[in-house]
């Protein structure tokens, strides 16, 4: 299959993947920085803290106050201000190393007055357990984009008290 080509509906399902997206009324460099900078990320998303800047080759740590247990995140690629690729441990994955991959893309809109943030995560087995894990992460990334928008546009922290 080539880029832009629809998948064959008759082909067997071998992997679960999803993409979520949202628009933020800020320039692409500002939105990228709000994700890459651990201090900003911890204000609206990783409410238990974030250690390490998202830079190619780095291993950072994310923690969520409402879901305790810090975990490592490997930064596969960080190409400011357009793309960040992350990998971390998963369950029911197709990868032998039991990891999933999330790609965050930032596209300028309206003369760079707004940014389209798209997050694609993949690597789950097409099983009940794989679907449950994919759906959970899909909810998490959707919440992250909403929290990023609320933080950058209005200074509001959406996660506080939302999950716990």
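Residues to consider are 89, 74, 66; find the one that is at pLDDT below 95 and surrounded by 13 or more Cβ atoms within 10 Å (Cβ to Cβ). Of the residues listed, the single one that is at pLDDT below 95 and surrounded by 13 or more Cβ atoms within 10 Å (Cβ to Cβ) is 89.
Which pairs turn up if I take residues in segment 127-147 that are under 20 Å from residue 99 (Cβ atoms) and look for partners that are at pLDDT below 95 and surrounded by fewer than 14 Cβ atoms within 10 Å (Cβ to Cβ) with beta carbon separation below 8 Å, at least 6 apart in sequence or on another chain? These pairs meet every condition: 129/91; 133/91.
Here is a list: 153, 121, 96. Which entry is loosely packed, with under 13 Cβ neighbours inside 10 Å and more than 18 Å from residue 40 (Cα to Cα)? Selected residue: 96, the only one of 153, 121, 96 that is loosely packed, with under 13 Cβ neighbours inside 10 Å and more than 18 Å from residue 40 (Cα to Cα). Counting only residues that are in contact with a strand residue (DSSP E or B) (Cβ under 7 Å, 6 or more places away or on another chain) and either assigned to a helix (DSSP H, G or I) or crowded, with 19+ Cβ neighbours inside 10 Å (or both), segment 28-59 holds 12 of them. Pairing each residue of segment 99-116 that is at positive phi with any residue that is surrounded by 16 or more Cβ atoms within 10 Å (Cβ to Cβ) and not in a loop (DSSP other than H, G, I, E, B), provided the two are 6+ apart or on different chains, yields C-beta distances under 9 Å for 112/28.
Residues that are free of Cβ contacts under 8 Å to residues at least 40 places away in the same chain and touching a helix residue (DSSP H, G or I) at 6+ places or on another chain (Cβ under 7 Å) were ranked within segment 41-59; the one that is nearest to residue 110 (Cα to Cα) is 41.
The values are calculated or read from the model by the stated rules, or taken from the named source; none is laboratory data. Predicted model only: the values in this text are computed from it and were never measured. Don't worry about glycine lacking a Cβ; one is built from the backbone with ideal geometry, like all the others, and counts go over all protein chains shown.
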